Amino acid sequence: MILILLGPPGAGKGTQAALVSQQAGVAHVATGDLFRENIRNQTELGKQAKAFVDRGALVPDELTVRMLLDRLDRPDTQKGVLLDGFPRTVDQAKALDDALKGRGQAVDKVLYINVGEEEVIARLGGRWTCRQCGAVYHQVFSPPKTPGRCDQCGGELYQRDDDKPETVRNRLSVYTQQTAPLVDYYRQAGKLLEVNGEQNAEAVGKDLLKAAGLS
Ligand code: ADP
Ligand code: ADP
Ligand code: ZN
């Protein structure tokens with residue numbers, strides 16, 4: 001099963017991904033996490049992606065699609081995958097459709113988490129992420145039990161560089177111009193399932209599972 005989580009930066013994709021991927025029995029693949037890992041390890045891909053990620057721009061489609069298709073060749077995606085943060089352009093969506101077709105597969109469902117701009121700005125400004133396991137917290141909406149430490153694994157929490165206000169503004173305009181057209185793309189394909197993301201995380205999770213037919 002191929003599922004996609006779609007929504008603006010800060011919609012709650014990362015927060016909901018563990019629940020949805022576990023219920024569906026598929027691997028969670030987040031292109032943002034893959035880029036950050038490559039940047040941290042200073043790989044060739046990381047060096048090429050860094051300047052784009054730092055300023056909140058999209059990494060070019062060619063690099064991104066190649067990285068994603070390589071990831072889909074790993075054995076843990078046999079039963080399917082939950083894509084988080086990919087596709088982000090119509091060209092990426094078409095490249096994904098073509099690649100899946102070549103494997104006799106197709107995108108099954110696109111879960112669109114709809115959240116307005118004001119809410120997203122408030123969320124990204126308070127986001128803290130675990131360096132070790134990637135769990136996400138919010139200083140007000142979902143604080144960790146011990147400040148600066150991950151509840152799940154005890155890892156150190158950090159604020160992403162691209163969550164600074166100027167970069168957030170840029171990411172939101174990139175979303176509106178380049179990613180929001182995917183809502184229509186998948187609606188026309190009859191694959192779009194929309195969920196109200198402006199509820200508490202538990203309610204959003206329930207609605208996502210219901211929409212995907214997983215509960
Ligand atoms: P968020 O969770 O806030 O939406 P991500 O972690 O998904 O952010 O992405 C962080 C950055 O990684 C993006 O701003 C962009 O630079 C890069 N990136 C992630 N996914 C893609 C993609 N599909 N295409 C191009 N760039 C991407
Ligand atoms: P995305 O992956 O879509 O960029 P995240 O899952 O990283 O979004 O969430 C962004 C921030 O918003 C995090 O600080 C997270 O704790 C918080 N958050 C996620 N879902 C909710 C929600 N339903 N209500 C309030 N805050 C939320
Ligand atoms: Zn952790």
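Of note, Ala106 satisfies the criterion of being among the small types (Gly, Ala, Ser) and either in a helix (DSSP H, G or I) or over 19 Å from Asn170 (Cα atoms) (or both). If you filter region 122-151 down to residues that are within 13 Å of ligand 2 (Cβ to nearest atom) and open to solvent by 80 Å² or more (accessible area, probe 1.4 Å), you find that the one that is nearest to Asn41 (Cα to Cα) is Gln139. Do we find a residue being more than 16 Å from ligand 1 (Cβ to nearest atom), modelled with pLDDT of 95 or more, closer than 22 Å to His28 by Cα and part of a helix (DSSP H, G or I) anywhere in region 188-202? Checked region 188-202: at least one residue is more than 16 Å from ligand 1 (Cβ to nearest atom), modelled with pLDDT of 95 or more, closer than 22 Å to His28 by Cα and part of a helix (DSSP H, G or I). Set side by side, the residues Val53, Val59 differ, and just one is touching a residue at least 12 places away in the same chain (Cβ under 8 Å) and open to solvent by less than 20 Å² (accessible area, probe 1.4 Å), which is Val59. The set of residues in region 14-41 being out of contact with any Lys or Arg (no Cβ under 6 Å at 6 or more places or on another chain), touching a residue at least 24 places away in the same chain (Cβ under 8 Å) and among the hydrophobic types (A, V, I, L, M, F, W, C) consists of Ala17, Leu19, Val20, Ala24, Ala27, Ala30, Leu34, Phe35. Only one of the listed residues (Gly134, Gly125) is of a type outside the set (S, T, N, Q), under 26 Å from Met1 (Cα atoms), within 13 Å of ligand 1 (Cβ to nearest atom) and touching a residue at least 24 places away in the same chain (Cβ under 8 Å). That residue is Gly134. The single residue among Gln178, Gln159 that is within 14 Å of ligand 1 (Cβ to nearest atom), in contact (Cβ under 8 Å) with a residue 24 or more places away in the chain, surrounded by 13 or more Cβ atoms within 10 Å (Cβ to Cβ) and over 16 Å from Leu6 (Cβ atoms) turns out to be Gln159.
The values are calculated or read from the model by the stated rules, or taken from the named source; none is laboratory data. These figures come from a predicted structure and were not determined experimentally. Counting neighbours? That spans all protein chains shown, and the Cβs are built from the backbone with ideal geometry, glycine included. Just the protein is used for accessible areas: all its heavy atoms, side chains included, with ligands, DNA and RNA removed. Shrake-Rupley method; radii C 1.70, N 1.55, O 1.52, S 1.80 Å.
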